[in-house]
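Engineer: The structure that follows is given in the form of structure tokens.
The values are calculated or read from the model by the stated rules, or taken from the named source; none is laboratory data. Everything numeric in this text was worked out from a predicted model, so none of it was measured. Note that each Cβ is placed from the backbone with ideal geometry, even for glycine, and that neighbours are counted across all protein chains shown. These accessible areas exclude ligands, DNA and RNA; they are computed on the full protein's heavy atoms, side chains included. Shrake-Rupley method; radii C 1.70, N 1.55, O 1.52, S 1.80 Å.
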Amino acid sequence: MSVADSKPNLSHLQVSELVKRLFGLTPSQIHPLPSYDDQNFHLVVSEGSEYVLKVMNSADSQNPTLLELQTHAMTFLHQRGIPAQTVLPTTSGQVMSLEDIDCGFGRQKYLVRLLTYLPGTTIVKVPSSPQILYEAGKMAAKMDALLQEMEHPQLQVLQREKFIWSLSNIPLLEPYVPLMDGDPVQQVIKSIIQQYKTCIQPKLGSFRKCINHGDFNNHNILVQPDDSATYKISGILDFGHMSSGYYVYELAIAIMYMMIENPTPLDVGRAVLAGWESVLPLNEAERDALYLLVLCRFCQSLVLARHTVAQQPENEDYIMITAKTGIRHLFRLWELGKEEVERRWFQSAAQYPGKD
């Protein structure tokens, strides 16, 4: 089955009937939300509340234990002060329901969840500032530190050994690199994958393990204005990439995505890093790997976006959001080199005025 065929494509009528049957609610408004490979809707129900309906793609729907664990993690974090969504159970008390639905290419099974709707706007839509980048780094570190305390009988499911979005699995990109044929960035990507093999893989034992959110990007972070004309983080969305990993992975992912729409992308690392280290200072091995891991996340994003667009051309605008500027940022980081980028990030972060 292709990625395109696994992505659900419910009509508004199907959504309305589903919500009534499973949750006893009547939607008065249904608004589609962007998604990479699932289908999401913002619902306003006649009772006055707002929710997000998540319909998982049919491939991921075959792993209900993983999705139950993600839901458990969201509730766990919410109870400890992290602004994550929580689930509204079905009328029968289940956190999700496996539904047999025909979306136009035969009946398939999709896992359905109804989540609370969090206030705010995505961080990509507000003016970037050192303050909000610092808060993003701090929030990512707090989140991963808390996830380390989470208990669940099925935690081993988060190992996800072949999960292609894990920074532990950069070599899995190699079969997809030919998709970049004719693009000058292809050789840079090949070189980065090789450096990962020689410089990162042998040192994984020196990194501190944790559970990663894994997709701490500028479309998964909600913010609201606070009382001092700055912004506070009001929501963390989409735990679909959650997996076992290392603290430095989360930091690298956060830096990479915060760079995408920033007018001064090379300055992003220092603010995010300062926020992160106010909670979890890096060890020597993690500091040494950070630059290359940021490059690796750019490679994942660019290569896998190209692969997904080939299967979902109708979703190209959303899928290629990161790629449009990502290639330019990757080239710039590569040309500057590790020593110069680290100087900008680490020396500046050490003197950062917001540092706790």
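Engineer: Among the residues of segment 200-247, write down those that are over 22 Å from residue 261 (Cβ atoms), assigned to a loop (DSSP other than H, G, I, E, B) and without any contact (Cβ under 8 Å) to a residue 24 or more places away in the chain.
Structural biologist: Across segment 200-247, the qualifying residues are 227, 228.
Engineer: Further, regarding this structure: Which condition breaks for residue 105 when tested against (1) part of a loop (DSSP other than H, G, I, E, B); (2) within 30 Å of residue 259 (Cα to Cα); (3) of a type in the set (Phe, Trp, Tyr)?
Structural biologist: Exception for residue 105: condition (2).
Engineer: A follow-up question, please. Out of curiosity, is residue 228 among the small types (Gly, Ala, Ser) and within 17 Å of residue 127 (Cα to Cα)?
Structural biologist: yes
Engineer: Failed condition for residue 130, given (1) within 30 Å of residue 280 (Cα to Cα); (2) at pLDDT 95 or above; (3) not β-branched (Val, Ile, Thr), with all others met?
Structural biologist: In the conditions (1) within 30 Å of residue 280 (Cα to Cα); (2) at pLDDT 95 or above; (3) not β-branched (Val, Ile, Thr), residue 130 misses (2) alone.
Engineer: Name the pairs whose Cβ atoms lie under 8 Å apart, with the first residue in segment 1-12 and farther than 15 Å from residue 36 by Cβ, the second in a helix (DSSP H, G or I) and modelled with pLDDT of 90 or more, and 6 or more positions between them or separate chains?
Structural biologist: From residues that are farther than 15 Å from residue 36 by Cβ, the pairs are 10/18.
Engineer: Answer yes or no as to whether residue 261 is open to solvent by 30 Å² or more (accessible area, probe 1.4 Å), touching a residue at least 12 places away in the same chain (Cβ under 8 Å) and assigned to a loop (DSSP other than H, G, I, E, B).
Structural biologist: Yes; evaluated as a whole, the condition is true for this residue.
Engineer: Kindly evaluate residue 300 against the criterion of being of a type outside the set (D, E, K, R), open to solvent by less than 10 Å² (accessible area, probe 1.4 Å) and under 26 Å from residue 189 (Cα atoms).
Structural biologist: Taking the combined requirement at face value, the residue satisfies it.
Engineer: Kindly provide the set of residues from segment 102-115 that are surrounded by fewer than 17 Cβ atoms within 10 Å (Cβ to Cβ) and touching a residue at least 60 places away in the same chain (Cβ under 8 Å), ordered by number.
Structural biologist: Listed by number, the residues that qualify are 104, 105.
Engineer: Give the residue that is nearest to residue 112 (Cα to Cα), with candidates limited to residues of segment 1-53 that are in contact with a Pro (Cβ under 9 Å, 6 or more places away or on another chain) and assigned to a loop (DSSP other than H, G, I, E, B).
Structural biologist: 38
Engineer: Looking only at residues in segment 322-336 that are farther than 17 Å from residue 190 by Cβ and modelled with pLDDT of 90 or more, which one is nearest to the chain's Cα centre (by Cα)?
Structural biologist: This residue is 329.
Engineer: Could you go through segment 217-232 and let me know if any residue there is of a type in the set (S, T, N, Q), touching a Phe, Trp or Tyr at 6+ places or on another chain (Cβ under 8 Å) and open to solvent by 40 Å² or more (accessible area, probe 1.4 Å).
Structural biologist: Yes, there is a match, as at least one residue in segment 217-232 is of a type in the set (S, T, N, Q), touching a Phe, Trp or Tyr at 6+ places or on another chain (Cβ under 8 Å) and open to solvent by 40 Å² or more (accessible area, probe 1.4 Å).
Engineer: Return the residue satisfying two criteria in turn: it lies in segment 148-179 and is β-branched (Val, Ile, Thr) and part of a helix (DSSP H, G or I), and of such residues it is nearest to the chain's Cα centre (by Cα).
Structural biologist: Once the filter is applied, the top-ranked residue is 170.
Engineer: When residues of segment 83-131 are filtered for being closer than 13 Å to residue 54 by Cβ and in contact with a helix residue (DSSP H, G or I) (Cβ under 6 Å, 6 or more places away or on another chain), how many remain?
Structural biologist: 8
Engineer: I would also like to ask the following. If I go through segment 54-102 residue by residue, how many of them are not in a loop (DSSP other than H, G, I, E, B) and not hydrophobic (A, V, I, L, M, F, W, C)?
Structural biologist: 17
Engineer: Could you tell me which numbered condition residue 197 fails, if it satisfies all but one of (1) of a type in the set (Lys, Arg); (2) in contact (Cβ under 8 Å) with a residue 60 or more places away in the chain; (3) not in a strand (DSSP E or B)?
Structural biologist: Failing condition for residue 197: (2).
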